[in-house]
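Engineer: Let me begin by handing over the structure; questions about it come next.
Here, each number is a calculation from the coordinates, and none is a lab measurement. Worth saying up front: this structure is predicted, and the values here are computed from it rather than measured. FYI the Cβ positions are ideal-geometry reconstructions off the backbone, even for glycines, and counts take in every protein chain you see.
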Amino acid sequence: MAAPGWPKQIPIHGWRPLILLTVGTQLPFDRLVSALDDLTGRFGLDVYGQVGISTVKPKNFPSVQNIAAQDFDQKFRSADVIVAHAGIGTVLSAQKYRKPIILFPRKASLGEHRNEHQTATCNQLENRPGIYVAWTESDLERLVADRASLKAASTDDVAAGRGSFVSNLRDYLEQL
Amino acid sequence: MRKRLLAVASGGGHWEQLAIISQSFDKFDVLYATTLPGLPEKSGLAPSVLVTDANRDRPLQMLLCAKDIAGVILKFRPNIIISTGAAPGFIALLFGKMLGAKVIWVDSVANSEQLSLSGKLASRFADRVLTQWQHLAGQSKSQYMGGVL
C-alpha cells in the first residue's frame with residue numbers, strides 16, 4: 001500500500017506506456033482486450049489499457065475501467081500508438097494528439113455492437129493517413145509488431161479534411 | 001445584436017465532433033449543452049449547461065432529458081439550434097423548431113453507410129440535415145458540406 005500522500009502512480013524516469021488501448025465506455029470488447037493481452041504476454045509490449053466494462057481483465061498490462069477526465073491528456077500524450085475499437089471519438093483524439101491509431105472494429109455479428117457501423121467506418125477510413133485497420137487478430141499482431149514504423153496524420157492532413165467543412169458551415173450559418 | 005445559437009451533443013464522439021465544428025460559430029452568442037460534466041471545460045467551450053442523457057431504450061431518461069432541454073430552450077431562446085447527436089440533440093431540434101428556431105442536424109461521421117435514424121427523422125422538419133459523407137448526400141434530403149475526418 002502506498003504511503004499516505006504519495007501519488008497513486010510514481011513516475012519512473014524513462015518509462016512510458018508505448019501502446020494505449022481504449023475500447024470506449026459503453027460496451028465490453030473482450031476480443032480486443034484478450035488479443036492485445038496475448039500479444040503483450042508473447043512480445044513483452046508496454047501497454048496501458050482502458051477496458052471499460054469488458055469482462056476479461058488483462059493479465060499482462062495495467063488497466064482501468066475508464067480514464068478519468070484529468071488523466072486523459074497525459075495518457076494520450078505519453079502513448080506512441082493507440083489501439084482501439086473503431087469509435088469516432090477515439091479517432092478524433094488520436095488526430096488531436098497526433099498519434100497513429102490501429103482500429104480493430106467491433107462486429108455486431110459477434111455481439112460486440114448493435115450494428116456493423118464500425119466495420120463501415122473502417123472501410124471508409126482505411127488508407128487515411130495515420131489510421132491503420134486490423135481486421136483480424138493476425139493483422140493486429142502484424143501492426144503491433146511494426147508499431148515503430150506507424151506514422152500519425154500530419155496537422156495538414158487533419159486540417160485539410162475539416163477546414164472546408166468548418167468554413168462552409170460558417171457561411172451557411174451566417175446567412176440564416 | 002448577435003444571434004443566439006444553441007449547440008447540443010451527447011458525451012463522447014458526438015461531443016468531439018461538435019467541438020471541432022464550433023469553430024464555425026464565432027459570429028454567434030453560443031450556449032453549449034451536453035450530458036457529461038467536465039466535457040465543455042476540457043474542450044475549452046463556454047458557457048455550457050448539462051442535460052440528462054437519453055436513448056430510445058430508456059423512456060424515463062428520455063422524459064427527464066426532454067424536460068431539461070425544454071428548460072434550456074425556453075430560457076436561452078435560441079435563433080438557431082445545431083446538433084451532432086444523439087437523442088438529446090434530436091429532442092432539442094424538435095422543440096426548437098416548434099418555437100420557431102432554425103434547426104440543423106449534423107449526422108455523426110460514424111454513419112458512413114446510411115443516415116442515422118435520428119437524422120432520417122430530423123429530415124422531416126429540420127431546416128438542414130448534413131451528412132459528413134459525400135456518397136450519402138441526397139439520402140433523406142441530406143446535404144454534404146464536408147466532414148470532420
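Engineer: Taking the Cβ of B:L74 as the centre, find all other residues whose Cβ is under 13 Å away and add up their charges (Lys, Arg: +1; Asp, Glu: -1).
Structural biologist: Working: positive: B:R4, B:K67, B:K75, B:R77; negative: B:D68.
Once all neighbours under 13 Å are counted, the net charge is +3.
Engineer: Also, I was wondering about something else. What's the percent breakdown of Cα-Cα distances in the protein assembly as shown across 20 Å bins, shortest bin first?
Structural biologist: Taking all Cα pairs of the protein assembly as shown, the binned fractions are 31, 56, 13, 0 percent.
Engineer: Separate question: How many angstrom lie between the C-alpha centres of the stretch B:61-90 and the stretch B:98-149?
Structural biologist: Measuring centre to centre over Cα atoms gives 17 Å.
Engineer: In the protein assembly as shown, what percentage of the DSSP-assigned beta bridges are antiparallel, given to the nearest 5? Provide the component values of the computation, followed by the final result.
Structural biologist: Working: 0 of 38 bridges.
If we restrict to bridges inside the protein assembly as shown, about 0 percent are antiparallel.
Engineer: Residues of B:132-143, mean number of Cβ from any other protein chain within 10 Å of their own Cβ, rounded to a whole number?
Structural biologist: 1
Engineer: Another question, if that's okay. Per-residue mean of other chain beta-carbon atoms within 10 angstrom of the beta-carbon, peptide A:82-89? Could the numbers behind the result be given before it?
Structural biologist: Details: counts 0, 0, 0, 0, 1, 4, 14, 8.
Other-chain Cβ atoms within 10 Å of each residue's Cβ, averaged: 3.
Engineer: With a 10 Å Cβ neighbour count serving as the proxy for reagent exposure, in which order, fewest first, do A:W135, B:W15, B:W133 appear? Walk me through the numbers on the way to the answer.
Structural biologist: Numbers: A:W135 15, B:W15 26, B:W133 20.
Taking fewest neighbouring Cβ atoms as first place, the list is A:W135, B:W133, B:W15.
Engineer: Still on this structure, I have one more. Under 18 Å between alpha carbons: how many lysine pairs meet that in chain A, if sequence neighbours fewer than 8 apart on the same chain are excluded?
Structural biologist: Working: A:K8/A:K75; A:K75/A:K96; A:K75/A:K99; A:K96/A:K151; A:K99/A:K151.
Value for chain A: 5.
Engineer: Run the helix sum for the protein assembly as shown: -39,500 (n - 2.57) per DSSP H stretch of 4+ residues, divided by residue count, reported at 222 nm to the nearest 500 deg cm²/dmol.
Structural biologist: Details: 11 runs with 121 residues, N = 325.
Taking each H run of at least 4 residues, the total per residue is -11500 deg cm²/dmol.
Engineer: Ok, one more. What helices in chain B pass both tests, a Cα length along the helix axis of 15 Å or more and a mean Kyte hydropathy of 0.0 or higher, using whole DSSP H runs? Mind dumping the intermediate values first?
Structural biologist: Numbers: long enough: B:59-76 (25 Å, 1.24); B:87-98 (17 Å, 1.41).
Going by DSSP H runs, the hits are B:59-76, B:87-98.
Engineer: Within a Cβ distance under 11 Å of B:E16, other residues only, what is the Lys/Arg minus Asp/Glu net charge? Provide the component values of the computation, followed by the final result.
Structural biologist: Details: positive: A:K96, B:K42; negative: none.
Local charge sum for B:E16: +2.
Engineer: If the cut-off is 20 Å between C-alpha atoms, which lysines fall inside it for B:K141, apart from same-chain ones fewer than 8 positions away?
Structural biologist: Within reach: B:K97, B:K102, B:K120.
Engineer: What is the fewest-to-most order of B:T34, A:T90 by other Cβ atoms lying within 10 Å of their Cβ? Let's see the in-between values first.
Structural biologist: Numbers: B:T34 27, A:T90 24.
Least to most surrounded, the residues fall as A:T90, B:T34.
Engineer: Sum up the charges of everything whose Cβ sits under 13 Å from the Cβ of B:D29, counting Lys and Arg as +1 and Asp and Glu as -1, but leave B:D29 out. Each step should come with its number before you reach the end.
Structural biologist: Values: positive: B:R2, B:K3, B:R4, B:K27, B:R77; negative: B:D26.
Combined, the nearby Lys, Arg, Asp and Glu give +4.
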